[in-house]
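**Q** Handing you this structure, nothing more for now.
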Amino acid sequence: MNMTKQILIVEDDPLIARILSDRLKKLGYGVSGMVTSADDAIMHAIEFTPDLVMMDIGLEGKASGISAAKYIYLFFSIPVVFCTAYSGLDCLNRAKEAMPFGFVQKPFTDRDLLNSIEMAMNSYEAYRQTEVDPHSFREVIHLDLGIIFVDADGKIIYSNPYAEHMTSISHKKSFFESIERVIDYDHAASTGYKSTSNSLLETVREVAAIGRATDIVIKSKIFKKRKAFKMNVKARKDKRGAIIGYMIKLEEDFNRSRELNKMNNTQKKPGTKPQTRLK
């Protein structure tokens with residue numbers, strides 16, 4: 001069994017990325033991949049779940065390098081070490097919001113890399129031992145439940161294969177799109193707790209706040225069918241206690257889904273007229 005620790009390199013300078021890759025391999029680490037944007041870093045972390053991410057602090061994209069690091073750690077439980085040429089206090093203070101497990105300043109030596117990586121991995125393992133309910137992304141992706149991660153504004157960071165099947169929307173197409181645009185929420189047919197507005201995001205926020213599951217109905221935009229789900233929501237918070245997003249769990253109620261679509265088919269059947277009751 002290969003126990004080599006795998007590291008993702010996120011760097012938009014190809015020369016620096018190649019040097020970093022060569023040095024990591026020389027130090028005995030594996031390189032799970034090299035990507036050039038914060039968006040690709042999130043996608044790679046989801047697909048390959050590396051043991052550590054080395055992230056250039058100045059990356060841009062739909063998500064910045066700092067935002068991507070925050071999502072990768074707080075949603076996917078993968079520690080991040082920032083590589084930076086910046087030493088200004090403003091930049092470092094913003095970076096600390098992402099809860100990185102270390103910094104390494106360019107240009108770096110082999111000793112700088114080794115010390116930063118070993119300290120980050122040891123600190124991460126020690127921290128996980130203290131967590132009451134450690135969140136394991138590797139376990140979540142294989143659950144027979146729909147799992148969707150959204151940020152505080154409702155942009156989709158991740159949806160597992162089961163959620164893709166439920167909503168008929170692929171993760172790559174929904175990445176960083178608003179959950180309101182991706183999922184067609186049937187507010188009227190949803191029977192559980194729901195926001196007074198027709199907003200799915202508001203319902204998600206309120207369900208997380210009350211800590212109780214609710215029943216919702218979603219319309220499939222591809223198959224034109226409605227599906228009923230029991231929805232649980234848990235807020236994800238940073239070290240200051242501020243909400244950075246939500247983990248949404250969807251478990252389909254197959255009996256109710258069948259009832260909803262049976263009613264829908266009856267209503268659409270050509271030539272069908274409403275029955276009147278005899279008195």
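Residues are listed down the side, and each one gets a yes or a no for (1) modelled with pLDDT under 90; (2) buried (at least 16 other Cβ atoms within 10 Å of the Cβ); (3) hydroxyl-bearing (Ser, Thr, Tyr); (4) assigned by TED's automatic domain parsing to the domain that holds PHE175:
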{"position": "PRO14", "(1), (2), (3), (4)": "no, no, no, no"}
{"position": "LYS26", "(1), (2), (3), (4)": "no, no, no, no"}
{"position": "SER32", "(1), (2), (3), (4)": "no, yes, yes, no"}
{"position": "PHE48", "(1), (2), (3), (4)": "no, no, no, no"}
{"position": "MET55", "(1), (2), (3), (4)": "no, yes, no, no"}
{"position": "ALA63", "(1), (2), (3), (4)": "yes, yes, no, no"}
{"position": "ASN115", "(1), (2), (3), (4)": "no, no, no, no"}
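**Q** Quick check on this structure: which one of LEU24, LEU52 is in contact (Cβ under 8 Å) with a residue 60 or more places away in the chain and in contact with a Gly (Cβ under 9 Å, 6 or more places away or on another chain)?
**A** That would be LEU24, the only listed residue that is in contact (Cβ under 8 Å) with a residue 60 or more places away in the chain and in contact with a Gly (Cβ under 9 Å, 6 or more places away or on another chain).
**Q** Looking at the range 1-12 only, could you name the residues that are within 18 Å of PHE101 (Cα to Cα), at pLDDT below 95 and of a type outside the set (Lys, Arg)? Outline the logic, then answer.
**A** So in the range 1-12, the residues within 18 Å of PHE101 (Cα to Cα) come out as 5-11.
With at pLDDT below 95 added as a condition, the list becomes 5, 11.
GLU11, the sole residue that qualifies.
Listed here are the residues, each with its yes/no results for (1) assigned by TED's automatic domain parsing to the domain that holds LEU145; (2) surrounded by fewer than 17 Cβ atoms within 10 Å (Cβ to Cβ); (3) more than 17 Å from GLY146 (Cβ to Cβ); (4) at pLDDT below 85.
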position	(1), (2), (3), (4)
LYS173	yes, yes, no, yes
LEU200	yes, no, no, no
VAL217	yes, no, no, no
GLY245	yes, no, no, no
PHE254	yes, yes, no, no
ARG258	yes, yes, yes, no
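**Q** OK, next. Can you name every residue in the range 176-198 that is over 17 Å from LEU250 (Cα atoms) and without any contact (Cβ under 8 Å) to a residue 40 or more places away in the chain?
**A** Within the range 176-198, GLU177, SER178, ARG181, ALA188, SER195, THR196, SER197, ASN198 meet the criteria.
**Q** For residues in the range 219-234 being among the aliphatic types (A, V, I, L, M) and crowded, with 17+ Cβ neighbours inside 10 Å, which is modelled with the lowest pLDDT?
**A** Let us first name the residues in the range 219-234 that are among the aliphatic types (A, V, I, L, M), namely 222, 228, 231, 233.
Add one more test, that the residue is crowded, with 17+ Cβ neighbours inside 10 Å, and what stays is 228, 231, 233.
On the way: ALA228: 91, MET231: 94, VAL233: 95.
So the residue we want is ALA228.
**Q** When you look at ASP110, is it among the charged types (D, E, K, R), in contact (Cβ under 8 Å) with a residue 40 or more places away in the chain and over 23 Å from PHE175 (Cβ atoms), yes or no?
**A** Values: among the charged types (D, E, K, R): yes; in contact (Cβ under 8 Å) with a residue 40 or more places away in the chain: yes; over 23 Å from PHE175 (Cβ atoms): yes.
Yes: the conditions hold for ASP110.
The values are calculated or read from the model by the stated rules, or taken from the named source; none is laboratory data. Quick caveat: nothing in here was measured; it's all calculated off a predicted structure. When we count neighbours, we look across all protein chains shown, and the Cβ atoms used for this are built from the backbone with ideal geometry, even at glycine.
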